[in-house]
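Data first, discussion second: the structure below is written as structure tokens.
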Amino acid sequence: MKTEILRLLRESDSFVSGQQLCEQFQVSRTAVWKVIKQLQEEGYQIEAVRNKGYRITGSPDVMTEEELTSLLDTRWAGKHISYFDTTDSTNNQAKAMGDAGAPHGTLVVADRQDAGKGRRGRVWSTPPGGSIAMSILLRPDIEPSKAPMLTLVMAMAVAEGISQTEKLDAGIKWPNDIVLSKKKVCGILTEMSTEITCINHVVIGAGINVNLTEFPEEIAKTATSLRIEKGEVIKRSELIAAIMKRFEYRYEQFMQTEDLSLMQEDYHSILLNREKKVRILSPKEEYDGVALGINEKGELLVRRENGSVEEIFSGEVSVRGIYGYV
Ligand code: BTN
């Protein structure tokens with residue numbers, strides 16, 4: 001009932017009468033008042049005016065299940081939510097929930113991670129109050145070899161969510177960094193549990209620097225946050241809701257064709273590597289080329305200096321000009 005009352009208050013431009021809430025939830029006025037009081041204690045600013053009812057005028061920067069559920073406008077993405085003040089890693093939590101049978105679309109969110117994981121075994125720092133650490137659990141009926149494309153689907157959704165809600169120009173550094181003003185604002189880590197021919201589940205985790213104003217020395221030159229770029233404090237729950245909405249849409253596009261062909265054009269429009277020089281560092285060799293875009297499998301197409309075009313599936317791609325390093 002608390003989530004529903006929160007949603008009703010949010011959806012209404014004016015006061016919602018106590019009577020309406022009592023009738024809708026079949027409870028007494030005292031029960032409604034208790035819920036309002038609880039919400040106020042959690043930091044929601046709710047005006048209570050005799051003969052008019054209740055009106056919400058402000059909400060705290062929290063990412064609780066109630067807060068997120070009251071904002072989400074999706075059919076399956078984030079319909080089950082687990083929120084942690086602190087956890088080791090939302091990816092670890094989502095994987096454990098996946099092993100225990102949690103449904104497709106389960107979303108795990110944390111304010112702080114004390115063992116957040118980055119790509120290639122790196123640590124991902126998530127101090128409290130300033131970041132989003134979120135992971136979605138998926139159960140796609142596709143071949144395991146197609147799952148890496150889901151990283152690009154999430155990258156697209158995060159970039160679109162940031163651009164829509166914050167009116168910032170978010171770009172993508174292939175395959176999975178979201179970039180603002182040539183600096184990284186979000187990283188994505190995809191993990192998968194498979195049998196030989198089928199997927200048990202996929203977990204896609206996104207770490208977004210939202211209200212951080214300082215970074216560890218090693219990344220200080222290449223990282224930024226939404227707050228730094230926008231010059232304003234940002235409500236994390238609204239951004240998560242926008243990303244989930246975009247993710248649901250993009251995931252369904254992906255599942256129609258089991259590739260990225262339906263979003264390839266949109267991906268290209270925000271792909272920062274396009275027509276840029278890239279250095280490919282693979283276990284085999286290291287070479288320079290120009291990134292042309294992605295193919296429908298999400299591989300980066302790179303024209304080498306000898307004119308041949310490579311399809312890069314994995315490997316370290318360092319991009320000249322994007323992070324200011326050569
Ligand atoms: C990268 O190295 O760029 C990927 C970073 C991914 C971090 C996110 S935060 C939420 C989720 N949980 C983790 O432990 N990692 C991912």
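The values are calculated or read from the model by the stated rules, or taken from the named source; none is laboratory data. Source: prediction; values computed, not measured. Cβ: placed from backbone, ideal geometry, glycine included. Neighbour counts: every protein chain shown.
One residue alone among LEU137, LEU189, LEU168, LEU150 is more than 21 Å from VAL62 (Cα to Cα) and part of a helix (DSSP H, G or I), and that residue is LEU150. In the set (1) surrounded by fewer than 21 Cβ atoms within 10 Å (Cβ to Cβ); (2) within 17 Å of MET134 (Cα to Cα); (3) away from the ligand (no atom under 16 Å from the Cβ); (4) small (Gly, Ala, Ser), GLY105 fails one condition alone, (1).
Residue count for segment 166-215, restricted to those that are among the small types (Gly, Ala, Ser), closer than 16 Å to ALA133 by Cα and either touching a Ser or Thr at 6+ places or on another chain (Cβ under 7 Å) or not assigned by TED's automatic domain parsing to the domain that holds SER237 (or both): 2.
Quick one: is SER28 over 27 Å from VAL233 (Cβ atoms) and in contact with a strand residue (DSSP E or B) (Cβ under 7 Å, 6 or more places away or on another chain)? Considered against the rule, which asks whether it is over 27 Å from VAL233 (Cβ atoms) and in contact with a strand residue (DSSP E or B) (Cβ under 7 Å, 6 or more places away or on another chain), SER28 comes out as no. Scanning segment 273-326 for residues that are modelled with pLDDT under 80, farther than 25 Å from LYS183 by Cα and polar (S, T, N, Q) turns up nothing.
Among the residues in segment 243-265, are any within 16 Å of the ligand (Cβ to nearest atom), assigned to a loop (DSSP other than H, G, I, E, B), touching a residue at least 40 places away in the same chain (Cβ under 8 Å) and more than 23 Å from PHE313 (Cβ to Cβ)?
Keep residues of segment 243-265 that are within 16 Å of the ligand (Cβ to nearest atom), which gives 243-244, 247.
Narrowing the set further to residues that are assigned to a loop (DSSP other than H, G, I, E, B) leaves none.
No; the residues of segment 243-265 include none that is within 16 Å of the ligand (Cβ to nearest atom), assigned to a loop (DSSP other than H, G, I, E, B), touching a residue at least 40 places away in the same chain (Cβ under 8 Å) and more than 23 Å from PHE313 (Cβ to Cβ).
Output the residue which, of all residues in segment 108-126 that are part of a strand (DSSP E or B) and farther than 27 Å from GLU66 by Cβ, is farthest from the ligand (Cβ to nearest atom). This residue is VAL123. If you filter segment 79-102 down to residues that are among the small types (Gly, Ala, Ser) and outside any strand (DSSP E or B), you find that the one that is nearest to the ligand (Cβ to nearest atom) is SER89.
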